[in-house]
Amino acid sequence: MIRSFTKADMDAVLSIWVEASIKAHNFVAAEFWQSQVENMRSIYIPASETYVYVQNSNVVGFYALQENSLAAIFVSPDKQGQGIGKALVNDAKNRRTELTLSVYQQNQTSYSFYLSQGFYVVSEEVDEHTGCQEYFMCLKR
């Protein structure tokens, strides 16, 4: 089930975010992701329209929208490959006629996933926080 984020979901969302970020972005020091948890808690999540995927009363995934930007989409590493990410993307597609996102070029698993969901590359950029190359992608319905 996908529902709107509540403040009670914050710890679960942050745990998923940091755990999945470290796994997916092993080319960025784990300390970087850990250093961003408080910013996620106090700045990014509160500024976003966030939805959570609940399975057996537990939050196992989430996504965050900032206008038309899919600013975050993460699934607990032990729940990946079960269709949760696809369900989250489909929910976001139903809320917007256009979606954009950025994905690290070295994160081939996520890049391939976004391609499979209909996103296409618009441009290549450098992430200002990590210095890593990333693709800016778009999807239009």
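The values are calculated or read from the model by the stated rules, or taken from the named source; none is laboratory data. Predicted, not measured: the structure shown is a model, and the values here were computed from it. Quick reminder, even Gly has a Cβ in these numbers, built from the backbone with ideal geometry, and neighbours come from all protein chains shown. Ligands, DNA and RNA are stripped out before the accessible areas are found, and what is left, the full protein with its side chains, is counted by its heavy atoms. Shrake-Rupley method; radii C 1.70, N 1.55, O 1.52, S 1.80 Å.
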Task: Cα convex hull of segment 1-116, projected area averaged across orientations, nm² - done: 6.9
Task: segment 48-81-segment 1-25 distance, computed between alpha-carbon centres (Å) - done: 6
Open item on the list: Please report the carbon-and-sulfur percent of the accessible area for the chain; probe 1.4 Å, protein heavy atoms only, DNA, RNA and ligands left out.
Closed with: 46
- [ ] Give the residue from 83, 113, 64 lying farthest towards the positive end of the charge dipole for the chain; charges sit on Cβ (+1 for Lys and Arg, -1 for Asp and Glu) and the dipole is referred to the Cα centre.
- [x] 83
Open item on the list: Using the crude model of +1 on Lys and Arg Cβ and -1 on Asp and Glu Cβ, and no other charge, please compute the dipole size for the chain relative to its Cα centre, in debye to 20.
Closed with: 640
Open item on the list: So, R0 is 30 Å and r is the distance between the beta-carbons of residue 6 and residue 26; what FRET efficiency does that work out to, to 0.05?
Closed with: 0.45
Open item on the list: With every protein chain kept in place and ligands, DNA and RNA left out, what is the accessible area per residue of the chain? Probe 1.4 Å, answer in Å².
Closed with: 53
TODO: Counting helices only, and only those DSSP H runs with n ≥ 4, report the 222 nm mean residue ellipticity of the chain as the sum of -39,500 (n - 2.57) divided by its residues, in deg cm²/dmol to the nearest 500.
DONE: -9000 deg cm²/dmol
Open item on the list: Sequence gap at least 6, Cα distance under 8 Å: using those rules, report the relative contact order of the chain to the nearest whole percent.
Closed with: 20
- [ ] Run down the lysines and flag those whose C-alpha is under 21 Å from the C-alpha of residue 23, throwing out any fewer than 8 positions away in its chain.
- [x] 79, 86
